[in-house]
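Each reported figure results from applying straightforward, stated rules to the coordinates on display, with no laboratory input. All values reported here derive from a predicted model rather than from experimental measurement. Cβ: placed from backbone, ideal geometry, glycine included. Neighbour counts: every protein chain shown.
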Amino acid sequence: MPHFIAPSVLSADFANLQRDSEMLNSSEADWFHVDVMDGVFVPNISFGFPVINAIKRHATKPLDVHLMVMQPERYLQDFKDAGADGLTVHLEASTHLHRTVQNIRSLGMKPGVAINPHTGVSLLEDIIADVDLVCVMSVNPGFGGQKFIENTYRKVSQLKELILKNNSKALIEIDGGVDLTNYKKLIAVGADVLVAGNTVFAAPNPVEMIKTLKLG
């Protein structure tokens, strides 16, 4: 199965958001990855609904929205209205995860669940059959440009086994530190979606970088 590339717009030039959105439209990227941070669940604040609305106006590809926020269930309709096609919430931040996942799906979005580097794959056992995507954080969330955590490979292999055992259709997404040194190995161990921020937007030719990551 071919893998997907989801450049993280957190690394885009916000003074030229339309330009960078149109670049992604013209590239081989599959999704726009949109990181939302609240300064509570993670030690950083990114952006909210006005920026997502602006991205949606220019994007011709799905918005893969990743909520690094406490009590994400408070905002599901708002993110739907802002243009999210997929909505991923953190296992660590959602007390009633099944209800949140069901509500995301009922709103017409694809539900995903994310886990931090210290969270074991086994905790996904009871939710894996209900989600379309699992986002494995390969850095501690909150900031771009961090060093990739090597234990991620083992977690992806474990997660792949869990997905197959439960007949889940969930895709495995890797978020954090994805670059030319690790992307092939991530695909080899079972990753389906690669999120890349600095690797894409800091490249001399972002379109060519996306093409390289896409070829695998």
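Let me spell out the model: positive unit charges on the Cβ of Lys and Arg, negative unit charges on the Cβ of Asp and Glu, origin at the Cα centre of the chain. What dipole size does that give, in debye rounded to 20?
280 debye
Tell me, what HN-Hα J-couplings in whole Hz come from the Karplus equation 6.51 cos²θ - 1.76 cosθ + 1.60 at θ = phi - 60° for each residue of the stretch 190-200, using x for Gly and Pro?
With the stated coefficients, the stretch 190-200 comes to x, 5, 9, 9, 10, 8, 9, x, 4, 4, 7 Hz.
Pulled fully out, how much extra length does the chain show between residue 81 and residue 58, if you take 0.36 nm times their separation in residues and subtract their Cα-Cα distance?
6.7 nm
Tally Lys and Arg at +1 and Asp and Glu at -1 over the other residues with C-beta under 14 Å from the C-beta of residue 149: what net charge comes out?
+1
Search the structure for amide H atoms under 5 Å from the amide H of residue 133, placed 1.01 Å from N in the peptide plane, and list their residues when 5 or more places away or on another chain.
Long-range HN contacts for residue 133: 113, 171.
Identify all lysines with a Cα-Cα distance to residue 56 below 22 Å; exclude those on the same chain that are fewer than 8 residues away in sequence.
Leaving aside lysines fewer than 8 places away in the same chain, those within reach of residue 56 are 80, 110.
What does the convex hull of the Cα atoms come to per residue for the chain, in Å³?
Residue-normalised Cα hull volume stands at 109 Å³.
What are the ³J(HN,Hα) couplings of the stretch 71-86, residue after residue, when phi is run through the Karplus curve with 6.51, -1.76, 1.60 and θ = phi - 60°? Round to Hz, x for glycine and proline.
6, x, 4, 6, 10, 4, 5, 4, 6, 4, 5, 6, x, 5, 9, x
If we count every other residue with Cβ under 15 angstrom of residue 103's Cβ, Lys/Arg +1 and Asp/Glu -1, where does the sum land?
Neighbourhood net charge equals 0.
Sort 173, 150 by Cβ crowding within 10 Å, fewest neighbours at the top.
Ordered by Cβ neighbours within 10 Å, fewest first: 150, 173.
Expressed in nm to one decimal, what extension gain is obtained for the pair residue 208 and residue 125 from 0.36 nm per residue of sequence separation less their Cα-Cα distance?
26.1 nm
For the chain, what does the relative contact order come out to in percent, with C-alpha contacts under 8 Å and a separation of six or more?
22 percent
Please figure out what share of the DSSP beta bridges in the chain is antiparallel and state it in percent, rounded to the nearest 5.
Of the beta bridges lying entirely in the chain, close to 5 percent run antiparallel.
Just to be sure I follow the definition: excluding the sites themselves, where is the longest run in the chain that has none of the trypsin sites (Lys or Arg not before Pro) in a DSSP loop with at most 14 other Cβ atoms within 10 Å?
Excluding the exposed sites themselves, the longest stretch runs over 1-146.
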